[in-house]
Structure formats: C-alpha cells, structure tokens
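Trainee: Pasting a structure below so you can have a look.
The values are calculated or read from the model by the stated rules, or taken from the named source; none is laboratory data. All values reported here derive from a predicted model rather than from experimental measurement. Heads up, the Cβs are rebuilt from the backbone with ideal geometry, glycines too, and the neighbour counts pull from every protein chain shown.
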Amino acid sequence: MSENKTQNLIDSIKNKTKTLESEMSFFDHIDVLRKHLLRALSVVIVFTIGAFYFTDFIFNTIIMGPKNPTFWTYRMMCKLVEKYPSIGSDFCITKIDAKIINTEMAGQFTLQLNSCVMVGIILGIPYLLFEVWLFIKPALHDKERKSASGFVFFASFLFFLGLLFGYYIICPLSINFLTNFTVSPEIQNTFTIDSYLSSVMTLTLGSGIVFQLPVIIYILSKLGIMTPAFMRSTRRYSSVVILIIAAIVTPTADPYTMLIVAMPIFLLYEFSIYISASIERKRKRDLA
C-alpha cells in the first residue's frame, strides 16, 4: 500500500511539473508576442510623431481632398463625360455644397491628433504584419515558411491598394452624394468635422480591409476550411452580396457608380478562387 501511495505521489508530482512547464511555455509565448507588439507600437509612434510635421498637407490636401471639386476623381469623371456624353452630365461633379464646422473647444486639436495617429497606424501596418510574421514563423515547417514567405508584401500591397481605391473612388462618390443630398431645400447640410473625418477614415480603411479577401481565403484554404468548389458554387450568391455592399457604400441612383465600386470586389473574389484552387492542386500533388 505504501509503495502504491509513493508511486501515486511521484506521478502526481510529474504531472504537475508537466502542467507547470506547459503554463510557462504559454506565458513565454505571450511575452514574446508582447515584445513584437511593443516594437510595432514604437514604429507607429515614430510615424505619428513624423506626421505632425506634415499636418497641413495631411489635413488640407489628403483629408479635405474628397470635399474639393478639383479633386482628382471629380476631374477624371468630368473628362469621361466630355469623351462619352452618353454617360450623362450628372456624372460630372463640379460643386459640393456643404459646410463643415467645429462644435467643440478642443475639436480642431483633437482632429490634428486623430489624423496623425491614423496616418501613423496606416504607415505602420507593413511593419505590424512583419512582426506578426516573425511571431508565427518559428511554428511553421520549412515548406510552410517558403509558401508564406511573401505574406507581408502581399498583404501590405493589397491593403494599400484597397486604401487607394477607397480614397479615390468610394470616398469621393459617397461624400458627394451625402453632402449634396437634401430632403428639403430649407434644410442646409452642415456637418461636424468629427463626422466628416469618421466617414473618410471608415470608407478608406474599410476598403483596405475588404481587399484582404485573398489573404483570408489563402489562410482558410491552407486550413482546409475553404475550397474552390464551394466558392464557385456560391458565386451567384456572392455576386448579389457584392452588389448590395456596393449599393450601401455608394448610396446613389447612378448604376455606373455602383458598378465601379463592385467591379474590383468581383475581381478579388475571382482571384481568391484562383488562390484556393492553386492550394488544392498543390495539396493533391503532395498526397499523390
């Protein structure tokens, strides 16, 4: 009996030791992740501080750009109307009649601070993705490392491509409609600067996130959750969802505007199918 009790005690101590080792391993991973995130945060802070030097350009040229009738997108739209009159004169935007005001004492200072922080975050995204890659890289096999070696570049490229699409296409079209839309001529459109900045940031960053669809499909396909057959079978439903999203993002009665917004998303979806199919073919070759 005493020997059995002694053996049970020894086994209990061993199991407890294994549990403590696993707990320490988990906390070690958390500590490593914290260091990666702190380095990424330091880079964001550096970009934010540097953005204060270019405050005038960031605010007057970038943030207030979509409200200016001379914005690049509006000029290109007018050139299209000149070349193809069948589009309609309404497609050419020459006036955005809206007044932006500040209603808080510290509103403009907060605007400057928030703008610089957002610029710092946007510019720091590639380095943040790089730190994430450094964190997950040790857990991958050699083949997985090789196949995912371009993750940072690919994800960053799609993110900034989405930002440009949101800033030059979705943002100006939405702002033009919302600022010029009136229920009654007796009601003037006057917006707070917080509302305007929130709209610009939401539409722009939202586009950058939507353009991460191929990256998400790549990860899901690698995990075996997403297959090209499923994506092809749901293509018609996805098309309806994409058109609904385009209609919500650009709340206009103009079908050209909705198609302009929906077309890149359609292309992203088809490209995601190609990525998923490539992963499935490679998986079958490896099994063979």
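Trainee: Do we find a residue being in contact with a strand residue (DSSP E or B) (Cβ under 9 Å, 6 or more places away or on another chain), within 22 Å of Ile193 (Cα to Cα) and part of a helix (DSSP H, G or I) anywhere in the stretch 55-69?
Mentor: yes
Trainee: Kindly indicate whether Ser207 is small (Gly, Ala, Ser), touching a helix residue (DSSP H, G or I) at 6+ places or on another chain (Cβ under 9 Å) and surrounded by fewer than 19 Cβ atoms within 10 Å (Cβ to Cβ).
Mentor: No; evaluated as a whole, the condition is false for this residue.
Let's see how each residue does on (1) hydroxyl-bearing (Ser, Thr, Tyr); (2) buried (at least 16 other Cβ atoms within 10 Å of the Cβ); (3) free of Cβ contacts under 8 Å to residues at least 60 places away in the same chain; (4) not in a helix (DSSP H, G or I):
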position: Gly120; (1), (2), (3), (4): no, yes, no, no
position: Val132; (1), (2), (3), (4): no, yes, no, no
position: Ser149; (1), (2), (3), (4): yes, no, yes, yes
position: Ser156; (1), (2), (3), (4): yes, yes, yes, no
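Trainee: Here's a check for you: in the stretch 234-286, which residue that is at pLDDT below 80 and of a type in the set (Ser, Thr, Tyr) is nearest to Phe211 (Cα to Cα)?
Mentor: Among them, the one singled out is Thr250.
Trainee: Tally up the residues in the stretch 127-149 that are within 18 Å of the chain's Cα centre (by Cα) and over 15 Å from Ile209 (Cα atoms), please. Can you show your working first?
Mentor: As a first pass, look at the stretch 127-149 and keep what is within 18 Å of the chain's Cα centre (by Cα): 127-133.
From the residues that got through so far, the ones that are over 15 Å from Ile209 (Cα atoms) too are 127, 130-133.
Residues meeting the conditions: 5.
Trainee: Give the residues of the stretch 83-93 that are within 17 Å of Asn180 (Cβ to Cβ) and more than 30 Å from the chain's Cα centre (by Cα), sorted by residue number.
Mentor: Result: Gly88, Ser89, Asp90.
Trainee: So which of Ser199, Ser174, Ser184 is of a type in the set (Gly, Ala, Ser) and exposed (fewer than 14 other Cβ atoms within 10 Å of the Cβ)?
Mentor: So the residue among Ser199, Ser174, Ser184 that is of a type in the set (Gly, Ala, Ser) and exposed (fewer than 14 other Cβ atoms within 10 Å of the Cβ) is Ser184.
Trainee: In the list Phe165, Phe154, Phe159, which residue meets the criterion of being under 14 Å from the mean Cα position of the chain (by Cα) and over 29 Å from Leu38 (Cβ atoms)?
Mentor: Details: Phe154 fails: over 29 Å from Leu38 (Cβ atoms); Phe159 fails: over 29 Å from Leu38 (Cβ atoms).
Answer to the selection: Phe165.
Trainee: Look through Leu134, Leu161 and report the one residue that is in contact with a Phe, Trp or Tyr (Cβ under 7 Å, 6 or more places away or on another chain) and of a type in the set (A, V, I, L, M).
Mentor: Step by step, each of Leu134, Leu161 is checked, and only Leu161 is in contact with a Phe, Trp or Tyr (Cβ under 7 Å, 6 or more places away or on another chain) and of a type in the set (A, V, I, L, M).
Trainee: Using the structure shown, decide if Phe165 is among the hydrophobic types (A, V, I, L, M, F, W, C), modelled with pLDDT of 90 or more and crowded, with 20+ Cβ neighbours inside 10 Å.
Mentor: Working: among the hydrophobic types (A, V, I, L, M, F, W, C): yes; modelled with pLDDT of 90 or more: yes; crowded, with 20+ Cβ neighbours inside 10 Å: yes.
The answer is yes for Phe165.
Trainee: Do we find that Ser86 is under 27 Å from Ile169 (Cα atoms) and in a helix (DSSP H, G or I) in this structure?
Mentor: yes
Trainee: Please pick out the residue among Gln112, Gln108 that is more than 24 Å from the chain's Cα centre (by Cα), part of a helix (DSSP H, G or I) and more than 22 Å from Leu178 (Cα to Cα).
Mentor: Every option except Gln108 fails the conditions.
Trainee: Also, quick follow-up: Given the structure, is Met105 surrounded by fewer than 14 Cβ atoms within 10 Å (Cβ to Cβ), at pLDDT 80 or above and either within 17 Å of Thr55 (Cα to Cα) or among the aliphatic types (A, V, I, L, M) (or both)?
Mentor: Details: surrounded by fewer than 14 Cβ atoms within 10 Å (Cβ to Cβ): yes; at pLDDT 80 or above: yes; either within 17 Å of Thr55 (Cα to Cα) or among the aliphatic types (A, V, I, L, M) (or both): yes.
Judged against the criteria, Met105 is a match.
Trainee: Restrict the check to the stretch 79-88 and report whether at least one residue is on the phi > 0 side of the Ramachandran plot and of a type outside the set (Asp, Glu). Can you show your working first?
Mentor: Within the stretch 79-88, the first condition is being on the phi > 0 side of the Ramachandran plot, and the residues that meet it are 88.
Subsequent filtering for residues that are of a type outside the set (Asp, Glu) retains 88.
Checked the stretch 79-88: at least one residue is on the phi > 0 side of the Ramachandran plot and of a type outside the set (Asp, Glu).
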